[in-house]
């Protein structure tokens with residue numbers, strides 16, 4: 001029994017702490033906004049991003065998935081010269097997908 005618990009525990013720690021996505025240059029300037037905060041901003045476009053929400057058939061930690069999706073969204077916004085994003089389908093985050101609008105506010 002102990003032989004099975006250790007590999008599962010190690011795998012859980014690895015999957016929970018994995019970060020598959022790294023911030024790109026300029027993405028640290030991108031903020032997550034509410035729709036109301038974005039009213040004074042210029043909409044540049046929209047995008048959809050995806051990340052793995054399961055690895056080896058095991059569900060990843062929701063917070064890790066959320067952080068990766070936010071990083072992907074910020075990376076995309078920075079590449080479009082945006083400085084703000086508004087998430088348009090927060091409910092889909094746990095499935096490893098997110099849609100968002102990209103804005104330039106400054």
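List of remarks:
- Residue, modelled with the lowest pLDDT, within the range 45-58, restricted to residues that are assigned to a strand (DSSP E or B) and crowded, with 17+ Cβ neighbours inside 10 Å: 47
- Which numbered condition residue 67 misses (of (1) out of contact with any strand residue (DSSP E or B) (no Cβ under 7 Å at 6 or more places or on another chain); (2) part of a helix (DSSP H, G or I); (3) free of Cβ contacts under 8 Å to residues at least 40 places away in the same chain): (3)
- Restricting attention to the range 74-93, the residues that are at pLDDT below 95 and touching a strand residue (DSSP E or B) at 6+ places or on another chain (Cβ under 9 Å) total 6.
The values are calculated or read from the model by the stated rules, or taken from the named source; none is laboratory data. Bear in mind the structure is a predicted one, so any value in this text is a computation, not a measurement. Cβ: placed from backbone, ideal geometry, glycine included. Neighbour counts: every protein chain shown.
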